[in-house]
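Let me begin by presenting the structure, written as structure tokens, before commenting on it.
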Amino acid sequence: MDNKEYAGFWIRLGAVLIDMVIIFIVLFIPLSFIYGEEYWLGDKFVYGFWDIMLSYVFPFIATIWFWLRFLGTPGKMATKLEIVDATTGNKMSTSQAIGRYFAYILAALPLGLGFIWVGIDKRKQGWHDKLAGTVVLRNTGKESVKFEEKL
């Protein structure tokens with residue numbers, strides 16, 4: 001695990017911003033064409049089949065697939081981050097990926113404190129990482145704090 005260190009808050013935020021741009025292009029522009037301006041200005045919680053598919057089902061499937069296949073979403077790949085099992089440093093399991101996805105809800109609930117925790121924690125784990133047993137590592141291309149040192 002040479003050249004790896006725990007990924008901090010700011011680099012992870014950058015990865016999320018990249019992902020948000022991709023999500024906007026791939027999902028929300030098509031939803032705007034399907035439902036029109038009502039989609040953005042209306043007060044319905046769900047607008048129909050395509051809203052459910054593109055806002056909930058597709059992001060869930062795509063996120064889990066990217067995590068398991070590439071160890072991160074496109075934003076994490078662009079910033080050279082990898083999500084791995086916190087104990088072994090290997091690829092996370094499917095159950096860890098699903099648990100991590102839903103743990104985002106718990107991390108967001110108390111005013112995003114679970115995400116801010118990344119900046120405080122010694123291993124740079126947010127609450128979603130702690131609950132799923134994962135860490136996010138950054139490939140630095142230089143000798144740094146090794147993953148094994150935490151064991």
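The values are calculated or read from the model by the stated rules, or taken from the named source; none is laboratory data. Please read all numbers here as calculations on a predicted model, not as lab measurements. Cβ coordinates were reconstructed from backbone atoms using ideal geometry, including for glycine residues, and neighbour counts include every protein chain displayed. Remember, those area values only see protein heavy atoms, side chains included, never the ligands or the DNA or RNA. Shrake-Rupley method; radii C 1.70, N 1.55, O 1.52, S 1.80 Å.
The C-beta contact set for region 22-35 (first residue on the phi < 0 side of the Ramachandran plot, second residue modelled with pLDDT of 90 or more and open to solvent by 80 Å² or more (accessible area, probe 1.4 Å), distance under 7 angstrom, 6+ apart or interchain) comprises LEU27/PHE58; LEU31/TRP50; ILE34/TRP50.
So that you can scan it fast, the table gives a plain yes or no per residue for (1) under 24 Å from LYS130 (Cα atoms); (2) assigned to a loop (DSSP other than H, G, I, E, B); (3) open to solvent by 30 Å² or more (accessible area, probe 1.4 Å); (4) not basic (Lys, Arg):
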position: GLU5; (1), (2), (3), (4): yes, no, yes, yes
position: VAL16; (1), (2), (3), (4): yes, no, yes, yes
position: ASP19; (1), (2), (3), (4): yes, no, no, yes
position: PRO30; (1), (2), (3), (4): no, no, yes, yes
position: TYR39; (1), (2), (3), (4): no, no, yes, yes
position: PHE66; (1), (2), (3), (4): yes, no, yes, yes
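Scanning region 80-97 for residues that are of a type outside the set (D, E, K, R) and either buried (at least 16 other Cβ atoms within 10 Å of the Cβ) or assigned to a loop (DSSP other than H, G, I, E, B) (or both) yields LEU81, ILE83, VAL84, ALA86, THR87, THR88, GLY89, ASN90, MET92, SER93, GLN96, ALA97. Being in contact with a strand residue (DSSP E or B) (Cβ under 9 Å, 6 or more places away or on another chain), of a type in the set (Val, Ile, Thr) and within 20 Å of MET20 (Cα to Cα) is a property that holds for ILE83.
Determine, yes or no, whether LEU54 is open to solvent by 80 Å² or more (accessible area, probe 1.4 Å) and either among the hydroxyl-bearing types (Ser, Thr, Tyr) or part of a helix (DSSP H, G or I) (or both). Answer is no for this residue.
Each row is one residue, and each column tells you yes or no for (1) among the hydroxyl-bearing types (Ser, Thr, Tyr); (2) more than 17 Å from ASN3 (Cα to Cα).
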| position | (1), (2) |
| --- | --- |
| TRP40 | no, yes |
| VAL57 | no, yes |
| ILE61 | no, yes |
| LYS76 | no, no |
| SER93 | yes, yes |
| GLN125 | no, yes |
| ALA132 | no, yes |
| VAL136 | no, no |
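The condition (being within 29 Å of LEU113 (Cβ to Cβ) and part of a helix (DSSP H, G or I)) is satisfied by just one residue among ILE34, ILE61, ILE25: ILE61. Taking each residue of region 92-106 that is without any contact (Cβ under 8 Å) to a residue 40 or more places away in the chain and looking for partners that are acidic (Asp, Glu) and in a helix (DSSP H, G or I) with beta-carbon atoms closer than 9 Å, six or more apart or interchain, yields ARG100/ASP129; ALA103/ASP129. LYS44 meets the conditions (1) in contact (Cβ under 8 Å) with a residue 24 or more places away in the chain; (2) assigned to a loop (DSSP other than H, G, I, E, B) in every case but one. The failed one is (1).
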